[in-house]
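*Asks:* Take a look at the following structure, please.
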Amino acid sequence: MVFPISFLSSFSLLSLVLFSPSAYGQLVPAIFIFGDSVMDVGNNNHLPTLIKANFRPYGRDFFNHTPTGRFCNGKIVTDLIAETLGFSSYQPAYLSKEASGSNLLIGANFASAASGYYEPTAISNLAIPLSKQLDNYKEYQGKVVEITGSDNATSMFSGGIYLVSAGSSDFVQNYYINPLLNTAYTPDQFSNILVQNFVKFIEGLYALGARKIGVTSLPPLGCLPTAITLFGSGSQECVERLNRDALSFNRKLNDTSDQLVKNKLSNLTLVVFDIYQPLYELITKPAEHGFTETRRGCCGTGLVETSILCNPVSSVITCKNASEYVFWDGFHPSEAANQVLAIDLLTAGLPLIS
């Protein structure tokens with residue numbers, strides 16, 4: 001869902017964003033980030049959960065080859081977006097020691113790997129549910145008010161952009177493997193529950209001053225290496241029933257977002273970023289985008305791809321050139337794939353920065 005802007009203003013803004021943003025400083029006052037492992041930059045490092053990425057080979061291509069808690073070999077999409085929008089540093093993980101003082105004035109990252117719209121998904125993995133991420137954001141707001149004053153803080157909260165990624169863990173790390181869920185609800189019914197919780201979360205952000213929100217759709221769940229291993233019945237092809245579930249959820253997400261803007265939340269710009277099609281294109285037509293491997297993650301054991309198999313021991317079998325791989329591990333894109341996805345997100349997200 002992209003709101004119309006004139007061709008000339010859209011082209012000029014797109015050129016500004018994609019080619020020379022740093023010359024103009026920050027294009028938005030702050031970025032606030034919520035969701036799951038796609039956007040977590042280290043909050044899970046501070047939790048008693050097994051879902052962490054604060055060890056090598058994660059981060060091997062990041063600054064100083066340092067693992068930070070990002071589920072990637074290098075930069076994730078939010079890093080690339082922050083760079084393109086003119087930020088000289090990344091929004092810190094809210095639970096980290098870096099999230100203090102003036103560092104808070106560029107926004108913050110509240111995302112937690114293995115979180116989702118369905119609260120039990122996070123709870124079962126000892127991650128931070130979206131409701132708690134919202135509480136952390138409210139606490140963060142109080143800190144910013146103390147630093148910069150109420151008026152400046154309010155302007156920052158309303159002028160900043162809010163990025164949300166959730167839903168994948170709800171399906172892959174909960175619904176599909178949890179008989180208590182998948183016997184009680186059809187995929188369609190479970191999608192309805194997720195969408196209802198999505199509405200509550202967006203309304204919560206809106207009540208705290210958010211007016212520019214970008215939400216990612218589900219990716220092609222059936223093409224994730226982990227999903228093929230777990231649910232592919234021995235096939236090496238994408239699991240179509242999982243992809244159909246993702247597409248069904250995405251349609252509901254778009255329709256619900258339209259209704260929120262039109263009928264309920266005034267003065268809100270809400271953009272749904274289509275992650276499904278760009279990632280599906282990378283997976284099904286890798287050579288056109290400079291990739292050679294789509295079935296295996298760079299960090300893994302071959303064709304048996306589950307996320308726990310990317311660990312300190314697996315460094316010896318990790319690929320040499322991650323830029324040839326669409327996936328870094330069994331679940332998450334490589335930095336090279338994130339660079340392609342970030343361009344799509346920035347293009348679709350022009351209404352958030354115009």
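*Asks:* Every cysteine in the chain with no other Cys Cβ under 4.7 Å from its Cβ, please list them in numeric order.
*Replies:* Cys with no partner Cβ under 4.7 Å: Cys72.
*Asks:* Given the -39500 (n - 2.57) contribution per DSSP H run of 4+ residues, what per-residue ellipticity at 222 nm results for the chain, rounded to the nearest 500 deg cm²/dmol?
*Replies:* -12500 deg cm²/dmol
*Asks:* Take the residue pairs Lys138/Lys285; Lys97/Lys212; Lys200/Lys285; Lys97/Lys320; Lys132/Lys320; Lys132/Lys264 and return only those whose Cα atoms are more than 31 Å apart.
*Replies:* Working: Lys138/Lys285 43 Å; Lys97/Lys212 27 Å; Lys200/Lys285 37 Å; Lys97/Lys320 33 Å; Lys132/Lys320 39 Å; Lys132/Lys264 24 Å.
Checking Cα-Cα distances, Lys138/Lys285; Lys200/Lys285; Lys97/Lys320; Lys132/Lys320 exceed 31 Å.
*Asks:* Compute a Gaussian network model of the chain, connecting alpha carbons closer than 10 Å, and tell me which residue from Lys52, Lys262, Lys212 fluctuates the most.
*Replies:* Top of the fluctuation ranking is Lys262.
*Asks:* If each residue of separation counts as 0.36 nm, what is the full-extension length gain between Asp135 and Glu324 once their alpha-carbon separation is subtracted?
*Replies:* Extra length from Asp135 to Glu324 when fully extended: 64.1 nm.
*Asks:* Okay, next question. May I ask you to order 246-259, 117-130, 172-185 by the average number of other C-beta atoms within 10 Å around their residues, highest value first?
*Replies:* Details: 246-259: 17.6, 117-130: 21.5, 172-185: 15.8.
Ranked from most to least packed, the peptides come out as 117-130, 246-259, 172-185.
*Asks:* What net charge do the residues around Ala207 carry, taking every other residue with its C-beta under 14 Å from that of Ala207, with Lys and Arg at +1 and Asp and Glu at -1?
*Replies:* +2
*Asks:* Mind telling me which of Leu218, Leu47, Leu104 comes out most flexible in a GNM of the chain, alpha-carbon contacts under 10 Å?
*Replies:* The residue with the greatest mean-square fluctuation here is Leu47.
*Asks:* Moving to a separate point now. Return a whole-number percent for the relative contact order of the stretch 219-297, with Cα pairs under 8 Å and 6 or more residues apart as the contact set.
*Replies:* On the way: 67 pairs, mean separation 26.2, N = 79.
That works out to 33 percent.
*Asks:* What relative contact order, as a whole-number percentage, does the chain give when Cα pairs under 8 Å and 6 or more residues apart are counted? Each step should come with its number before you reach the end.
*Replies:* Working: 691 pairs, mean separation 68.0, N = 354.
Result for the chain is 19 percent.
*Asks:* Between Asp151 and Gln26, what FRET efficiency follows from the Cβ-Cβ distance if R0 is 30 Å, with the result rounded to 0.05?
*Replies:* 0.95
*Asks:* Work out the FRET efficiency for Gln259 and Lys143 from their Cβ-Cβ distance, taking R0 = 25 Å, and round it to the nearest 0.05.
*Replies:* 0.15
Every number here is computed from the coordinates shown, using simple stated rules; none is lab data. A quick note: this is a predicted structure, and the numbers were derived from the prediction, not measured. Every residue, glycine as well, gets a Cβ built from its backbone with ideal geometry; the counts of neighbours run over all protein chains shown.
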